[in-house]
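These notes concern the structure reproduced below.
The values are calculated or read from the model by the stated rules, or taken from the named source; none is laboratory data. Everything numeric here is computed off the predicted structure, so don't read it as measured data. Note that each Cβ is placed from the backbone with ideal geometry, even for glycine, and that neighbours are counted across all protein chains shown. The accessibility values were calculated without ligands, DNA or RNA, using every heavy atom of the protein model including side chains. Shrake-Rupley method; radii C 1.70, N 1.55, O 1.52, S 1.80 Å.
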Amino acid sequence: MAGVLSSASLRVKAIAALTRREHSRQELEKKLAPLAESAPQLDSVLAQLQREGLLSDERYAESIVRTRGARFGGARIKFELQQKGVDGRALAQAVEALRDSESERLQQVWQKKFGAPPASATERARQQRFLTQRGFSSEAIGRLFRGLEDGF
(Lines give C-alpha, C1' and ligand atoms only; values in the text may rest on other atoms or scores of the structure.)
Protein backbone atom coordinates (compact mmCIF):
# COMPACT_ATOMS: atom_id res chain seq x y z
CA MET A 1 0.00 0.00 0.00
CA ALA A 2 1.24 3.45 -0.87
CA GLY A 3 1.50 5.88 1.99
CA VAL A 4 1.78 3.31 4.81
CA LEU A 5 4.65 4.04 7.19
CA SER A 6 6.65 2.02 9.66
CA SER A 7 6.37 2.84 13.37
CA ALA A 8 9.66 4.74 13.27
CA SER A 9 8.56 6.83 10.27
CA LEU A 10 5.17 7.43 11.85
CA ARG A 11 6.91 8.65 14.99
CA VAL A 12 9.04 11.06 12.92
CA LYS A 13 5.89 12.45 11.24
CA ALA A 14 4.21 12.87 14.64
CA ILE A 15 7.22 14.67 16.12
CA ALA A 16 7.43 16.91 13.04
CA ALA A 17 3.78 17.91 13.51
CA LEU A 18 4.36 18.53 17.22
CA THR A 19 7.36 20.76 16.54
CA ARG A 20 5.19 23.06 14.44
CA ARG A 21 2.50 23.39 17.14
CA GLU A 22 0.83 21.51 19.98
CA HIS A 23 -1.77 18.92 18.99
CA SER A 24 -4.33 16.99 21.00
CA ARG A 25 -4.00 13.23 20.86
CA GLN A 26 -7.25 12.94 18.88
CA GLU A 27 -6.15 15.59 16.40
CA LEU A 28 -2.78 13.93 15.80
CA GLU A 29 -4.45 10.54 15.54
CA LYS A 30 -6.76 11.82 12.78
CA LYS A 31 -3.84 13.41 10.97
CA LEU A 32 -1.68 10.27 11.03
CA ALA A 33 -4.34 7.55 10.65
CA PRO A 34 -4.09 7.38 6.83
CA LEU A 35 -0.33 6.82 7.11
CA ALA A 36 -0.42 4.06 9.73
CA GLU A 37 -0.31 0.33 8.99
CA SER A 38 -2.95 -0.28 11.65
CA ALA A 39 -4.83 1.41 14.47
CA PRO A 40 -2.84 -0.50 17.15
CA GLN A 41 0.44 0.67 15.55
CA LEU A 42 -0.69 4.31 15.65
CA ASP A 43 -1.98 3.92 19.20
CA SER A 44 1.36 2.50 20.29
CA VAL A 45 3.31 5.40 18.72
CA LEU A 46 1.02 8.02 20.29
CA ALA A 47 1.10 6.31 23.69
CA GLN A 48 4.90 6.32 23.61
CA LEU A 49 4.93 10.04 22.73
CA GLN A 50 2.61 10.70 25.69
CA ARG A 51 4.83 8.71 28.06
CA GLU A 52 7.83 10.73 26.88
CA GLY A 53 5.95 13.99 27.42
CA LEU A 54 6.08 14.99 23.76
CA LEU A 55 2.30 14.73 23.30
CA SER A 56 0.14 16.28 26.00
CA ASP A 57 -3.53 17.23 25.99
CA GLU A 58 -2.82 19.47 29.00
CA ARG A 59 -0.18 21.44 27.09
CA TYR A 60 -2.45 21.60 24.04
CA ALA A 61 -5.29 23.01 26.16
CA GLU A 62 -2.96 25.58 27.74
CA SER A 63 -1.81 26.62 24.27
CA ILE A 64 -5.37 27.11 23.05
CA VAL A 65 -6.31 29.09 26.17
CA ARG A 66 -3.24 31.29 25.74
CA THR A 67 -3.75 31.98 22.03
CA ARG A 68 -7.56 32.19 21.82
CA GLY A 69 -8.40 33.40 25.31
CA ALA A 70 -7.83 37.05 24.47
CA ARG A 71 -10.54 36.95 21.79
CA PHE A 72 -13.03 34.33 22.93
CA GLY A 73 -15.04 33.40 26.00
CA GLY A 74 -14.85 30.25 28.03
CA ALA A 75 -17.83 28.52 26.43
CA ARG A 76 -16.41 28.82 22.93
CA ILE A 77 -12.94 27.63 23.92
CA LYS A 78 -14.39 24.75 25.96
CA PHE A 79 -16.39 23.66 22.91
CA GLU A 80 -13.30 23.82 20.68
CA LEU A 81 -11.26 21.77 23.14
CA GLN A 82 -14.02 19.15 23.38
CA GLN A 83 -14.14 18.97 19.57
CA LYS A 84 -10.40 18.24 19.55
CA GLY A 85 -10.81 15.41 22.06
CA VAL A 86 -9.56 17.17 25.17
CA ASP A 87 -11.46 16.04 28.24
CA GLY A 88 -11.00 15.15 31.88
CA ARG A 89 -8.46 17.03 33.93
CA ALA A 90 -6.97 18.99 31.01
CA LEU A 91 -10.39 20.39 30.06
CA ALA A 92 -11.29 21.20 33.67
CA GLN A 93 -8.03 23.09 34.20
CA ALA A 94 -8.48 25.08 30.99
CA VAL A 95 -12.06 26.03 31.86
CA GLU A 96 -11.00 27.08 35.37
CA ALA A 97 -8.22 29.29 33.98
CA LEU A 98 -10.70 30.95 31.64
CA ARG A 99 -13.32 31.45 34.33
CA ASP A 100 -10.90 33.40 36.51
CA SER A 101 -10.24 36.01 33.83
CA GLU A 102 -13.51 36.10 31.89
CA SER A 103 -14.72 39.52 33.03
CA GLU A 104 -11.39 41.16 32.24
CA ARG A 105 -11.13 39.49 28.82
CA LEU A 106 -14.75 40.37 28.06
CA GLN A 107 -14.14 44.02 28.81
CA GLN A 108 -11.05 44.06 26.59
CA VAL A 109 -12.92 42.46 23.67
CA TRP A 110 -15.84 44.87 24.10
CA GLN A 111 -13.51 47.89 24.32
CA LYS A 112 -11.60 46.90 21.21
CA LYS A 113 -14.72 46.17 19.13
CA PHE A 114 -17.12 48.86 20.34
CA GLY A 115 -15.42 51.27 22.74
CA ALA A 116 -18.58 53.22 23.53
CA PRO A 117 -21.77 52.31 25.37
CA PRO A 118 -24.69 51.44 23.09
CA ALA A 119 -26.86 54.42 22.15
CA SER A 120 -30.02 52.38 21.67
CA ALA A 121 -31.63 49.10 22.67
CA THR A 122 -30.96 47.78 19.15
CA GLU A 123 -27.27 48.60 19.44
CA ARG A 124 -27.13 47.03 22.90
CA ALA A 125 -28.69 43.83 21.56
CA ARG A 126 -26.18 43.80 18.68
CA GLN A 127 -23.25 44.17 21.07
CA GLN A 128 -24.60 41.47 23.36
CA ARG A 129 -25.10 39.07 20.43
CA PHE A 130 -21.53 39.66 19.30
CA LEU A 131 -20.16 38.91 22.78
CA THR A 132 -22.38 35.83 23.15
CA GLN A 133 -21.14 34.49 19.82
CA ARG A 134 -17.60 34.93 21.08
CA GLY A 135 -18.47 32.51 23.89
CA PHE A 136 -18.74 34.83 26.89
CA SER A 137 -21.28 33.93 29.55
CA SER A 138 -24.56 35.82 29.77
CA GLU A 139 -23.80 36.61 33.42
CA ALA A 140 -20.50 38.29 32.53
CA ILE A 141 -22.12 40.18 29.65
CA GLY A 142 -24.90 41.36 31.97
CA ARG A 143 -22.33 42.61 34.50
CA LEU A 144 -20.47 44.46 31.76
CA PHE A 145 -23.57 46.27 30.55
CA ARG A 146 -24.71 47.09 34.08
CA GLY A 147 -21.26 48.58 34.63
CA LEU A 148 -21.59 50.60 31.43
CA GLU A 149 -24.91 52.00 32.63
CA ASP A 150 -23.30 52.91 35.96
CA GLY A 151 -20.28 54.44 34.22
CA PHE A 152 -17.97 51.60 35.36
Can you flag which of LYS78/LYS112; LYS13/LYS112; LYS31/LYS113 are past 32 Å Cα-Cα? LYS13/LYS112; LYS31/LYS113
Once ALA47 and ARG126 are pulled to full extension, the length gained, defined as 0.36 nm per residue separation minus their Cα-Cα distance, is 23.8 nm
Between ILE15 and ARG99, Cβ-based FRET efficiency (R0 22 Å, step 0.05) works out to 0.05
Grab the Cα-Cα distance for THR67 and ALA39, subtract it from 0.36 nm times how many residues apart they are, and report the gain in nm with one decimal. 6.9 nm
Taking a probe of 1.4 Å, how large is the accessible area per residue of the chain, in Å²? 59
I need to check one value: relative contact order of region 47-152, counting alpha carbon pairs closer than 8 Å and at least 6 residues apart, in percent. 31
Could you work out what % of the accessible surface of region 82-152 is carbon and sulfur, using a 1.4 angstrom probe and leaving DNA, RNA and ligands out of the count? 46
Once normalised by the length of region 1-102, the mean sequence separation of its alpha carbon contacts under 8 Å that are 6 or more apart gives a contact order in percent of 28
Separation in nanometres of the label points that stand 7 Å from Cα toward Cβ, at GLN111 and ARG59: 3.3
Quickly estimate the mean residue ellipticity at 222 nm for the chain, helices only: each DSSP H run with n ≥ 4 gives -39500 (n - 2.57), and the total goes over all residues, rounded to 500. -22500 deg cm²/dmol
Length-normalised contact order of region 9-57, Cα under 8 Å, at least 6 apart, in percent, tallies to 48
Size of electric dipole in region 99-144: Cβ of Lys, Arg +1 and of Asp, Glu -1, about Cα centre, debye, nearest 20: 180
Given a Förster distance of 41 Å, report the FRET efficiency between VAL4 and ALA92 from their Cβ-Cβ distance, rounded to the nearest 0.05. 0.65
